[in-house]
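S.K.: Pasting a structure below so you can have a look.
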Amino acid sequence: MTIGERIRKKRLELDMTLEDVARLIGVTRQTVQKYETGIVSNIPSDKVEALAKALKTSPSDLMGWNTSIFDQIKDTKQEILELKEMLKSTVDPIDRKDICNDIEVLEESLLDMNFIKNMEETPKPTPVSESGPISPEREALLKAVEDMDDETARVLLEMAKSIKKLREK
């Protein structure tokens, strides 16, 4: 599913018109329609944020970054089926070749997605430190620190050093 399709889906779920969304994000109805149809696919980040707010979702959901691998596989399979149906009614040899190429690309992507899904389903080993297995709490803390920006990590490190000094006293 493209960002345009996600915008349209959210807009319709909220029973909003193109004009409603356009007014909320400060663009024309035609611009929102171009976003939805993919004519404009490189939407400025400030507009993605405004769209997310107007559509009561997050920018990452609109961008499709929160889509599970299972949803991606389902969407890709559906797209392949739709292209195969389109192929049945297409007579122009050039169009047929383009559709076949699209199907081939999607099928290759599907293989990659299934590989990723299988990797995600493989049990991960229990993290171990020098003192033995890591508790779920410590593992969650390590993951949170891993995801932090440098400045936040620096501040947290300074706090930890201060706490350690206090404990030593």
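The values are calculated or read from the model by the stated rules, or taken from the named source; none is laboratory data. Only a predicted model underlies this, so the values are computations on that prediction, with no experimental measurement involved. Reconstructed Cβ throughout: ideal geometry from the backbone, glycine too, with neighbour counts over all protein chains shown.
S.K.: Of everything in the stretch 74-104 that's among the β-branched types (V, I, T) and either exposed (fewer than 11 other Cβ atoms within 10 Å of the Cβ) or touching a Cys at 6+ places or on another chain (Cβ under 9 Å) (or both), which residue is nearest to T2 (Cα to Cα)?
M.R.: To start, the set of residues in the stretch 74-104 that are among the β-branched types (V, I, T) comprises 76, 80, 90-91, 94, 99, 103.
Okay, now just the ones that are also either exposed (fewer than 11 other Cβ atoms within 10 Å of the Cβ) or touching a Cys at 6+ places or on another chain (Cβ under 9 Å) (or both), so 91, 94.
Values: V91: 27, I94: 25 Å.
For the stretch 74-104, the residue satisfying everything is I94.
S.K.: Moving to a separate point now. Please indicate, with yes or no, whether at least one residue in the stretch 16-25 is part of a helix (DSSP H, G or I), assigned by TED's automatic domain parsing to the domain that holds K117 and either at pLDDT 85 or above or over 26 Å from K117 (Cβ atoms) (or both).
M.R.: Going residue by residue through the stretch 16-25, those that are part of a helix (DSSP H, G or I) are 18-25.
Cutting the leftovers down to assigned by TED's automatic domain parsing to the domain that holds K117 gives us none.
For the stretch 16-25, residues part of a helix (DSSP H, G or I), assigned by TED's automatic domain parsing to the domain that holds K117 and either at pLDDT 85 or above or over 26 Å from K117 (Cβ atoms) (or both): absent.
S.K.: Can you tell me which of (1) buried (at least 16 other Cβ atoms within 10 Å of the Cβ); (2) part of a helix (DSSP H, G or I) is the one I43 doesn't meet?
M.R.: For I43, the exception is condition (2).
S.K.: How many of the residues making up the stretch 119-144 are modelled with pLDDT of 70 or more and under 24 Å from S68 (Cα atoms)?
M.R.: Going through the stretch 119-144 one residue at a time, the tally reaches 7.
S.K.: With respect to D61, determine if the residue is under 30 Å from L111 (Cα atoms) and acidic (D, E).
M.R.: Values: under 30 Å from L111 (Cα atoms): yes; acidic (D, E): yes.
Against the criterion (under 30 Å from L111 (Cα atoms) and acidic (D, E)), D61 qualifies.
S.K.: Of the residues I43, I73, only one is touching a Lys or Arg at 6+ places or on another chain (Cβ under 8 Å), aliphatic (A, V, I, L, M) and more than 29 Å from E139 (Cα to Cα); which? Write out each step before concluding.
M.R.: On the way: I43 fails: touching a Lys or Arg at 6+ places or on another chain (Cβ under 8 Å).
One residue alone meets the criteria, I73.
S.K.: To continue, here is another question. I80 versus (1) under 30 Å from F115 (Cα atoms); (2) among the β-branched types (V, I, T); (3) outside the structural domain of K117 (by TED's automatic domain parsing): which is the lone unmet condition?
M.R.: (3)
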